[in-house]
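Working notes, structure below.
The values are calculated or read from the model by the stated rules, or taken from the named source; none is laboratory data. The model shown is predicted, which means the values in this text are computed figures rather than measured ones. Quick reminder, even Gly has a Cβ in these numbers, built from the backbone with ideal geometry, and neighbours come from all protein chains shown. To get the accessible areas, we keep the full protein, side chains included, count just its heavy atoms, and leave off ligands, DNA and RNA. Shrake-Rupley method; radii C 1.70, N 1.55, O 1.52, S 1.80 Å.
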Amino acid sequence: MISRGERVANYVILSVFAVFALLPIVTILGAALGPSDSGGTAGAANFAAAWEVGRFGTYLRTSIAVSAFVVVVSVVLSVMSGYAFGTMRFRGQSALFYLFMLGIMMPSEAVAVPLYFDLRSLGLIDTFWSVALPQVALSVAFGTFWMRAYFRASNRAIVEAARIDGASTWRILWQVLVPPARPAVVTLTVLVFMWTWNEFLIPLIMVTSESLRTAPLGLAFFQGQHTSGFTLLAAGSVIVATPVVIFYLFLQRHFVRGLLQGAVRE
């Protein structure tokens, strides 16, 4: 039983951490809504000016397209590979799984340069695929680990009952195991979306066309053009971060549930 003093101390500590976490956000929002450096605009007009000058409409469309592709492909492949590693036994299983784990242990900075030359030899540099496919590979590595842990901890009796009823492997996966795994799948979806949306290095190396720049990359170029205009930079930062915040708020209940259920456990 937690005493009243311990409860108060917990709330105080959490409040202090909340202030430290929210202070930068409040500062950026205050700067974005305040008067511009030139004194010409204020409030919502700063976002309109940043949107037009920074061409964030083009960058956001690219980021949405890349993120949607990476999330859908990565989650589907992760569910299938996690199911295979978590419920099946086959030759070379351990070696192949540890090969997947290299994708988690290997930072993108270490593979960016050789990956660039590989994609250039395939004629994919400065295309949508040069931005999306590397991120799919990186996300599937973590997704396989995540979903494998969930399927290993799933109720085997349900799987055996489905097999006795004549259900195929494909049907067991999508109709028996995936519906209860919704929190784990949603948590993986949110994580992959945030990682893909915030990815900076791969788009920076792989594309040169302005139309293929993602939102974080576009914000970096926008910052280079407006190093003295902090108000427009703050407005641009809010514009780039807003889709991630909306996506998380929309799925936060399932996201928290997936974490609380201990999706990654053996």
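Remarks
- Candidate set from segment 178-230 (those that are within 30 Å of residue 158 (Cβ to Cβ) and not aliphatic (A, V, I, L, M)); member that is surrounded by the most Cβ atoms within 10 Å (Cβ to Cβ): 187
- Residue within segment 123-145 that is at negative phi and among the charged types (D, E, K, R) present: no
- Reported count of residues in segment 143-171, each being more than 28 Å from the chain's Cα centre (by Cα) and open to solvent by less than 60 Å² (accessible area, probe 1.4 Å), is 4.
- Residue selected from segment 66-83 under the condition surrounded by 20 or more Cβ atoms within 10 Å (Cβ to Cβ) and aliphatic (A, V, I, L, M), by the criterion farthest from residue 134 (Cα to Cα): 79
- Inter-residue pairs, beta-carbon under 8 Å, first closer than 30 Å to residue 230 by Cβ and in segment 6-33, second in a helix (DSSP H, G or I) and open to solvent by 90 Å² or more (accessible area, probe 1.4 Å), 6+ apart: 31/230
- Residue within segment 39-58 that is basic (Lys, Arg), at negative phi, out of contact with any Leu (no Cβ under 7 Å at 6 or more places or on another chain) and at pLDDT 85 or above present: no
- Selection from segment 114-126 of residues that are in contact with a helix residue (DSSP H, G or I) (Cβ under 6 Å, 6 or more places away or on another chain) and either among the charged types (D, E, K, R) or part of a loop (DSSP other than H, G, I, E, B) (or both): 124, 125
- Taken as a whole, the structure places residue 99 among residues that are modelled with pLDDT under 90, of a type outside the set (Phe, Trp, Tyr) and over 24 Å from residue 190 (Cα atoms).
- For residue 63, the test of being open to solvent by less than 70 Å² (accessible area, probe 1.4 Å), over 22 Å from residue 190 (Cβ atoms), touching a Phe, Trp or Tyr at 6+ places or on another chain (Cβ under 9 Å) and not in a loop (DSSP other than H, G, I, E, B) is failed.
- Segment 78-99, residues that are part of a helix (DSSP H, G or I), closer than 24 Å to residue 157 by Cα and aliphatic (A, V, I, L, M): 79, 80, 84
- Any hit, segment 187-202, residues being more than 20 Å from residue 68 (Cβ to Cβ) and in a helix (DSSP H, G or I): yes
- Residue 111 falls short of the stated requirement of being part of a helix (DSSP H, G or I), touching a residue at least 60 places away in the same chain (Cβ under 8 Å), buried (at least 16 other Cβ atoms within 10 Å of the Cβ) and β-branched (Val, Ile, Thr).
- Residue count for segment 123-175, restricted to those that are touching a Ser or Thr at 6+ places or on another chain (Cβ under 7 Å), among the polar types (S, T, N, Q) and farther than 24 Å from residue 68 by Cβ: 0
- Some residue of segment 31-41 being part of a helix (DSSP H, G or I), open to solvent by less than 70 Å² (accessible area, probe 1.4 Å), farther than 30 Å from residue 156 by Cα and in contact with a Gly (Cβ under 7 Å, 6 or more places away or on another chain): no
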